[in-house]
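Reading through the structure tokens given below for one structure.
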Amino acid sequence: MRKNLRFSILLLASIIMIPSCATKKRKGDVSGFKKFYHNMTAKYNGYWNANEIMKETFTILEENHIDNYSEILPVYTYGNSENAQSVAGELDIAIEKVTTVAAIHEVSDYVDDCYVLMGTAQYLKQDFESAEETFEYFQQEFNPNDPSSRNYRKKTLSSEDKRKIREEERKEEQKLKEEERKAKEKAREEERKAKEEQRKKDEEERDRKKKERERQQKAKQDAKKKETAKEKRDRERERKKKEREQAIKDRQSNNNKSPEKKDTTTVVQPPVTETKKEVTQETTKPKQPTPKVVAVANVEEEEIPRPRKEPEVEEEKSNYYEGMLWLARTYIERDQFSSAEFLLRRMWDDPTVKEEIKKEIPATQAHLAISQKRYEEALPYLVLASEMADDKKDRARYAYILAQIRERSGNYAGARDAYELSKKLGNTYEMELNAELNMIKNSYFTGNTGFSSAESKILKMRKENKNEEYRDRITLTLAEMGIMSDDIVIAKKYLKEALQFSNGNPLIKAESYYKIASMEYDAENYVEAKNYYDSTLTVMDKKDDRYEQSKKLASNLRDIARNLEVIRTQDSLILVGALPLEEKEEIARNVLKERAEAAAAGAKKEETKPINSVKFSRSRSLAESSFFAYDLPTVEKGKDAFKNKWGERALQDNWRRRDALRVAYQEEDEVVATQEEEQVDDEELAKILREFPSSEQEVKRAEGRIELALFDLGKLYRDKLENYSKSAEVHEELLRRFPDTEKKLDTYYYLYLTYLDLNETAKANKYRNMIVKDFPDTKYAQALNDPNYLNEALSEKARLANYYDMAFAEFDKGKYQRVASMVEESTSKFGEKHEMRAKFALLGAMTAGNLKGEDEYISALQDVVTRYPNTPEQTRAREIMRFLKGDENAFETVNIEEVDDIFEEEFEKLHYLAVVVFNPEEDQFNETKISISNYNKDKHRLKKLQLADIGLNKSENTKIILIRKFRGKDKAMEYYNDIIKNASQFVDVDGVNYEVYPVTQRNYRKIIDQKSASKYRIWFENKYLEK
């Protein structure tokens, strides 16, 4: 009996253990306990855990997502790349788990689920390329309609039937591929045509603008009346206002004529037939799938039948179509729009697709349309999605996006109703609040609510405590109403208030800055516009469609604003410089006071600024220690108890003494009194007074700056903004204020060209004649008198440029010997004084570096620096030399105006000599100090120079050797010039890269604060070497 029992146990164990081994069989090849084992293990060992991670990931991404209600909301809340990085680690764990399951338990029913989860995780990580590969493999391996796939639905069919089905499926597949190929070709052709049409439109627009300018000029001449820009804007605003009032009256009239239309929501679905509707309705297009369109309020939209239902066809039970839906979303992110559209259309028409998957297709279709900026096409899909989605929050989101697109297209009544639907469905309080704000705003746009009434409602909402954190958003809505009303004063007022309420919200700040910048630009307040565009770029997301436009405008306005500021500043300084000394001193004291107040305000702002990273690290360290002083609540409690018993006590010895408190207060009073008496520092006061030009030479220098700024400003108005009227106005001002300007010829020519563009032929001929008469031997005069002269000059210039391009192309190919010959021959071909000799010199230097090594390279670069001052090639040669010496920031672009605000001219004060050493080894650095010390002993023993060293930038391993000290700039430059001549003796150490700068104590501290000498280098070259 026992023997039989043991045998039975061993047999049972064998039955259990043998199927437990991993196998590579396909589905259907195993059954019974083996199948049960693999399914159970696959589901609960790996897939279940990975799926839980995915659920948590979706929750985290949704919670971390921040909507920008000033822009059209994204359809999905998990598309932010920054948020994706925060969950990348967890997603990698999920991918690892399902990969293991798919490899070990290949015969289980959960392998297809694993691949869908894997691709979804890759999608959420923003790794769209890997997601596409995963889903396309899944499509090939698990297609239930493919007999060779794992999920093929087996049917009782004859061999002939199976052959016919395979043949039909092959034909269908070929047909689908052909359709997809044609769709791609069509898309490319449409894109080409669109570009061609855009080019034609641009040309037509330029022609139209030209004709419009001619028409306006003719009208001006006929009327003999010059109208100001402000009058134009006022008239245009009045015209828009009348048009808007008339449109509102027309809509109200149409509404009154159609009382029989019900305020209901009508559901419509594909297929669709296009019909013409009123201006206020959306236009639905018969794209796949064409969803129903909701007609809300007075907006009449199309009705189409629901998709065909075939109850007799069994729905696909696997999650194949869920994977295909994610593949379509992946195609959208990869800009493969035609592939996504084809896949979604096929799924919509397939009766075997699960109902729960079909409910998600309209939202994906809307996402596809919005990604292509085809907003009108997204409308019917959003309507269908807002009805079909299971999740109420998703329906509210789709309704909100629908409202935004309607509002953008001018359908304010339809937008208001869609906002109302979104608020009714409910998502988050923030969305509900924005929906309510937009309902009020769109009621105002439709004329159903007056501005005062709408403003009153919104301000009431802003006062409510529950809306405290949303006051910036609420205020921005008021600003948007002001913009739509062309009330610039109201708009600016509320935009600035929105900035005050923003509490660091970058979305509201970006929107407010951008809108103010645009208004200032339109008003031709270019300094203010430039500043606001700069502020916009600091907070606007680089993915925002307006970012590049703002960047370009800020760049175009930078030099314009700088020249305007130069003119304004120098005019003010000249005006103050002419005042009596007492009045100048009073102005200087006021300047000092304003600077002190501004510095105090800035420091206070820094003190109150939250530093999240510090708080986070501190909270972690406190939790890890039991020391009482690290427990902040305990420390604060102890402070309060001490104050209650002893009062405010200074940190000092014998603090218990009765007189200690009184003595401490007396000392504080004395300090305050001393500070008040020493408020005005004589040195700072004298420095400000020196900024006011007093002598005739200083006034001329200031006027010279104004003269140059006026000329550059006129050029910039013409070249950067194409504002020909402003360009002519500024250049005329230049000639009026400085009739003998050195830029007279260039100004005449610019005025000649500008007046031609303005179609003011008489004025253009005036300046043409002045050029020919006053400057007959110049190229300008020759070009004006002889049309062939310009063509010949251009031909020679083109030949020179082409020769340089050929030489540079040879350089790119590495044919350095050939380039060296071409550089040498350039002077014989085009003369020794041709326009591009600096470019050829720099190209020759780079060629020498490749042929002869670094020493020759540096020598040739130094020759470029010496022979071609104040050229871009000189700047580039200096940058390359610094890079060769080890300066990683050598190519950093720095504006001289920027560094002028950092460093100060103190030529009479004590100077140091800073030797900046780039990335030295420890032994090299010590040998460098010894070499400099020996050099000073041999050549400058009597000066008793001292050395000190300090680290400048630890991450870049940049150090400074400080040589001190020299009485004034001249002495420091004598030493500087000496060591430049004797560089090999000054630092007699191989492989050390360094730079040397004379510097005052104050400017040296600025270099240390910045941890870089790159900005000082520009300032030094401009102030010391160029003098």
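The table below lists the values:
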| read-out | value |
| --- | --- |
| Pairs with Cβ under 7 Å, 6+ apart, first in region 384-398 and over 15 Å from Lys423 (Cβ atoms), second among the aliphatic types (A, V, I, L, M) and surrounded by fewer than 24 Cβ atoms within 10 Å (Cβ to Cβ) | Glu387/Val267 |
| Answer residue from region 475-500, given it is charged (D, E, K, R) and in a helix (DSSP H, G or I) and is surrounded by the fewest Cβ atoms within 10 Å (Cβ to Cβ) among those | Lys496 |
| Any hit, region 80-100, residues being outside any helix (DSSP H, G or I), out of contact with any Lys or Arg (no Cβ under 9 Å at 6 or more places or on another chain) and either at pLDDT 55 or above or within 30 Å of Ile370 (Cα to Cα) (or both) | yes |
| Residue list for region 441-459, restricted to those being within 18 Å of Ala418 (Cβ to Cβ) and either of a type in the set (Ser, Thr, Tyr) or under 32 Å from the mean Cα position of the chain (by Cα) (or both) | Lys441, Asn442, Ser443, Tyr444, Phe445, Thr446, Thr449 |
| Conditions (1) modelled with pLDDT under 85; (2) in contact with a Phe, Trp or Tyr (Cβ under 9 Å, 6 or more places away or on another chain): number failed by Leu117 | (1) |
| Residue count, region 947-1005 (criterion: over 19 Å from Ile902 (Cβ atoms) and either without any contact (Cβ under 8 Å) to a residue 40 or more places away in the chain or not β-branched (Val, Ile, Thr) (or both)) | 36 |
| Test for Leu379: is it under 18 Å from Ala187 (Cβ atoms), crowded, with 23+ Cβ neighbours inside 10 Å and at pLDDT 90 or above | no |
| Selection count where residues are aromatic (Phe, Trp, Tyr) and part of a strand (DSSP E or B), scope region 898-928 | 2 |
| Residue match in region 847-858 (condition: outside the structural domain of Ala820 (by TED's automatic domain parsing), part of a helix (DSSP H, G or I) and at pLDDT 85 or above) | no |
| From the options Tyr1016, Tyr997, residue that is under 19 Å from Glu906 (Cβ atoms) and over 34 Å from the mean Cα position of the chain (by Cα) | Tyr997 |
| Near pairs, Cβ below 7 angstrom, 6+ apart or cross-chain, from region 423-442 (under 15 Å from Asp67 (Cα atoms)) to any residue that is part of a helix (DSSP H, G or I) and hydrophobic (A, V, I, L, M, F, W, C) | Asn427/Ala396; Met431/Ala396 |
| Listing of helices (runs of 4 or more DSSP H) fully contained in region 412-474 that carry 2 or more residues being out of contact with any Phe, Trp or Tyr (no Cβ under 8 Å at 6 or more places or on another chain), among the small types (Gly, Ala, Ser) and surrounded by 16 or more Cβ atoms within 10 Å (Cβ to Cβ) | 412-425 |
| Ser518 vs. criteria in contact with a helix residue (DSSP H, G or I) (Cβ under 9 Å, 6 or more places away or on another chain), among the small types (Gly, Ala, Ser) and closer than 30 Å to Ile370 by Cα | yes |
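A quick yes/no check of all residues on (1) closer than 27 Å to Arg876 by Cα; (2) surrounded by 14 or more Cβ atoms within 10 Å (Cβ to Cβ); (3) touching a helix residue (DSSP H, G or I) at 6+ places or on another chain (Cβ under 8 Å); (4) of a type in the set (Val, Ile, Thr):
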site: Glu927; (1), (2), (3), (4): no, yes, no, no
site: His940; (1), (2), (3), (4): no, yes, yes, no
site: Ser955; (1), (2), (3), (4): yes, no, no, no
site: Leu962; (1), (2), (3), (4): no, yes, yes, no
site: Arg967; (1), (2), (3), (4): no, no, no, no
site: Pro998; (1), (2), (3), (4): yes, yes, yes, no
site: Ile1007; (1), (2), (3), (4): yes, yes, yes, yes
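The values are calculated or read from the model by the stated rules, or taken from the named source; none is laboratory data. These figures come from a predicted structure and were not determined experimentally. Every residue, glycine as well, gets a Cβ built from its backbone with ideal geometry; the counts of neighbours run over all protein chains shown.
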